[in-house]
Amino acid sequence: MNYEVLYRELMASEKQLADSAGQVQKACKAAVKDTEKGDLKDLSRQLQAALDSAKSQIAAIESLQAALDGFDTAAYFESGDFTSQMLEYAREKGVDVAGENPVFEMFPYKVRVDAAGQEVYLNRKKISSVRPSSVISQVATEQQRLNKASFNAQAFAAELESGYDLAVLKKGGSRRNPVILLNNIYKMMVPMARSKKEYDIMAFAFDIARLYNSGTRTSKSGRAFVLGTSRDGKTGIRILDANGHEQFVSTLKFFDPEEE
């Protein structure tokens, strides 16, 4: 199954519907003028024209309904056709995809395909569309919006620094300037569950990616920091570098450059 086949069928019938609706409106306007003028002969012709166009409208509506009834949305999702076509459009659009069915990462978003409910979720937001190309277009639009948003690397580095220092205090120990997992720093920065809904781990990963790509490696306080990379999917946070390549950043360390 392919939504694009249904799309072409629907578009043809919708054009017929729109054209016939326009003809009905045109005939009705002419009929009103004929009534004002008393031109009953032309009024009869316009009424017949309106009737013929109305029949064409009904035929178009019936054709639309038949096409809809013939498209098994449940089977479209359950067969995997929707998902495979969505991934194909993602490749065509240049949208990076990781993960596997039913949850995919289209950085910095999670896209979940709910086959049972015949729905798609972009993070927690439901996308009201069963057209794969439309879903990917919405994802790409959201990505562009985020990438265009302003970002203050120094301000974010300062927030990371505060989270790092809190994580160091919580960890304890005598080691100076320890390496801390970014996941633990995130927990320090966003300690409350309701805050995690507003600033989830994917939003954090997106900010980490922008900081990583900015080249900034010194905080306002003068301390330098190092973002450690790792291929460990359990502790590493997946980001895309400036070239769109996948990287996993897992740790952070702040230190005084003069002491190292």
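Values for this structure:
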read-out	value
Selection from segment 187-207 of residues that are within 20 Å of LEU146 (Cα to Cα) and either part of a loop (DSSP other than H, G, I, E, B) or open to solvent by less than 50 Å² (accessible area, probe 1.4 Å) (or both)	SER195, TYR199, ASP200, MET202, ALA203, PHE204, ALA205, PHE206, ASP207
Residue within segment 137-155 that is among the hydroxyl-bearing types (Ser, Thr, Tyr) and closer than 17 Å to ILE201 by Cα present	no
Residues satisfying the stated conditions in segment 208-220, i.e. open to solvent by less than 20 Å² (accessible area, probe 1.4 Å) and at pLDDT 95 or above	ILE208, ALA209, LEU211
Set ARG112, ARG124, ARG131: member being out of contact with any strand residue (DSSP E or B) (no Cβ under 7 Å at 6 or more places or on another chain), over 30 Å from LYS220 (Cβ atoms), of a type outside the set (A, V, I, L, M) and modelled with pLDDT of 95 or more	ARG131
Helices (runs of 4 or more DSSP H) contained entirely in segment 1-79, each with at least 3 residues that are open to solvent by 80 Å² or more (accessible area, probe 1.4 Å) and farther than 27 Å from SER133 by Cβ	3-37, 40-69
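Per-residue answers, yes or no, for (1) among the hydroxyl-bearing types (Ser, Thr, Tyr); (2) open to solvent by 30 Å² or more (accessible area, probe 1.4 Å):
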| residue | (1), (2) |
| --- | --- |
| GLY222 | no, yes |
| PHE225 | no, no |
| THR229 | yes, yes |
| THR235 | yes, yes |
| ARG238 | no, no |
| ASP241 | no, no |
| VAL249 | no, no |
| LYS253 | no, yes |
| ASP256 | no, yes |
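The values are calculated or read from the model by the stated rules, or taken from the named source; none is laboratory data. The structure presented is a predicted model; accordingly, all values stated were derived computationally and were not measured. Counting neighbours? That spans all protein chains shown, and the Cβs are built from the backbone with ideal geometry, glycine included. Surface accessibility is based on the protein's heavy atoms, side chains included, excluding ligands, DNA and RNA. Shrake-Rupley method; radii C 1.70, N 1.55, O 1.52, S 1.80 Å.
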